[in-house]
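Worksheet for the structure shown next.
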Amino acid sequence: MENKVILVGKSIEELESFMIENNQSKYRARQVYNRLYIKPAKDIDSMTDLPVKTREMLKEKTQLCSISIKDKQVSKDGTIKFLFELQDGCCVEAVLMRFDNRANLTACISTQVGCPMGCDFCATAKLGFTRNLDTDEIIQQIFLIQSDTGLKVTNIVYMGQGEPLLNFDSLINSIKIFREHFQVGARRITVSTCGIIPSINKLADLNFQSTLAISLHAPNQEIRETIMPVAKKYKFNGLISALKQYTEKTKRRVTIEYVLMSNINDSVENAKELAAAISKLKSNVNLIVYNQNEKSHYKKPKKEAVQKFKYILEASGKKVTIRLERGNDIDAACGQLSLKMKTQKNCN
Ligand code: SAH
């Protein structure tokens with residue numbers, strides 16, 4: 001593809017300068033801006049509020065995105081999984097979830113092609129790591145979801161493929177664009193990390209106002225390091241201390257994510273130990289029932305174990321939610337984004 005100007009991500013000022021440079025009236029910029037963020041267009045031709053001449057110029061010099069929708073699957077529960085192809089042929093996935101009785105539409109987006117963290121229970125980890133996405137590739141996922149479905153994404157979770165805190169600058173830049181242009185409030189954005197301590201400290205220094213979620217998944221160092229290699233580098237106690245400092249600096253509560261896996265981390269003792277470990281940390285807990293996949297030897301917890309675990313944490317004073325499982329039938333649930341529907345050659 002030629003090097004055309006990518007429109008998605010541009011501010012109104014940038015669009016105005018571009019229009020003036022290309023002999024168009026400045027006010028046309030606002031119309032383009034609206035078709036990027038307010039009523040997203042599927043392509044330049046469908047921006048029929050612009051004169052034909054302006055559209056011709058735009059088609060010659062610009063393109064909306066550098067990535068494209070390669071495939072799409074719809075789950076029985078309405079969840080949609082998108083497969084995006086990047087310019088170099090790499091693919092990433094994103095998921096759009098609608099929760100019954102709620103007006104919210106949550107998009108789960110990717111920050112890396114594959115993932116380098118190697119969590120033993122996660123299907124994405126099996127892909128290995130190829131590269132970081134750039135800011136444009138992150139924000140275009142939301143543009144394409146909105147233009148394809150005609151729906152407005154109200155919440156964004158960085159819980160797709162990859163470790164967002166290892167792609168720090170693109171993470172921060174993309175959040176800025178989501179807030180400024182896509183009009184998604186800081187509090188409606190959640191970043192999930194497996195616990196990269198130096199980046200958590202950087203977020204604290206930035207006075208990060210979105211929600212930080214931590215994939216803790218274990219009540220102590222011993223269990224954590226058997227399922228998450230990152231724990232060997234960034235130890236359990238150090239992580240909890242970094243999170244305490246984070247909550248003090250930002251005045252924001254963190255979310256502790258905990259995937260319950262049968263006979264690994266789901267016992268009454270595990271629940272008590274977790275409650276003690278996070279008792280002084282300003283946090284809510286989000287329990288996730290393990291999504292089993294055929295390649296993994298980890299198993300779902302029993303219903304009873306989930307309820308007991310929840311009860312013990314609640315009795316310790318924590319607010320606890322159990323994450324609703326979405327899109328399991330199309331491998332769109334947590335930890336299942338493994339590019340199964342990818343058809344073309346690997347981008348490596
Ligand atoms: N790298 C970041 C972002 C990924 S978010 C992080 O680790 O937080 C994806 C979430 O799904 C993580 O909490 C991950 O640990 C969890 N997960 C992975 N495999 C899963 C599975 N099979 N069932 C449920 N959750 C899973």
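Structure data summary
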read-out	value
Meets criteria (among the aliphatic types (A, V, I, L, M) and surrounded by 16 or more Cβ atoms within 10 Å (Cβ to Cβ)) for L151	no
Number of the exception - N3 against (1) open to solvent by less than 60 Å² (accessible area, probe 1.4 Å); (2) over 21 Å from the mean Cα position of the chain (by Cα); (3) among the polar types (S, T, N, Q)	(1)
Any chance F99 is of a type in the set (F, W, Y) and open to solvent by less than 30 Å² (accessible area, probe 1.4 Å)	no
Residue check for I223: part of a helix (DSSP H, G or I), among the β-branched types (V, I, T), modelled with pLDDT of 95 or more and crowded, with 21+ Cβ neighbours inside 10 Å	no
Residue match in segment 89-98 (condition: assigned to a loop (DSSP other than H, G, I, E, B), in contact (Cβ under 8 Å) with a residue 60 or more places away in the chain, within 16 Å of the ligand (Cβ to nearest atom) and not β-branched (V, I, T))	no
Test result for A275, open to solvent by 30 Å² or more (accessible area, probe 1.4 Å) and either away from the ligand (no atom under 12 Å from the Cβ) or over 25 Å from the mean Cα position of the chain (by Cα) (or both)	no
Pick from segment 111-137, criterion in a helix (DSSP H, G or I) and at pLDDT below 95, ranking: farthest from the ligand (Cβ to nearest atom)	L127
Filtered residue count, segment 293-308, keeping only those that are more than 26 Å from the chain's Cα centre (by Cα) and either within 11 Å of the ligand (Cβ to nearest atom) or not aliphatic (A, V, I, L, M) (or both)	5
Matching entry among F168, F178 (being buried (at least 16 other Cβ atoms within 10 Å of the Cβ) and within 16 Å of the ligand (Cβ to nearest atom))	F168
Complete set of residues in segment 39-63 that are touching a residue at least 24 places away in the same chain (Cβ under 8 Å) and within 34 Å of the chain's Cα centre (by Cα)	P40, A41, K42, L58, K61, T62, Q63
Matching option when the condition is away from the ligand (no atom under 16 Å from the Cβ), modelled with pLDDT of 95 or more, touching a Leu at 6+ places or on another chain (Cβ under 7 Å) and of a type in the set (D, E, K, R), among K244, K282	K244
Within segment 83-123, tally of residues that are closer than 25 Å to H217 by Cβ and not aliphatic (A, V, I, L, M)	15
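The values are calculated or read from the model by the stated rules, or taken from the named source; none is laboratory data. This structure is a prediction, so every number in the text was calculated from the model and none was measured. Using ideal geometry, Cβ is built from the backbone for each residue, glycine included, and neighbour counts are taken over all protein chains shown. The area values use the complete protein model at the heavy-atom level, side chains included, leaving out ligands, DNA and RNA. Shrake-Rupley method; radii C 1.70, N 1.55, O 1.52, S 1.80 Å.
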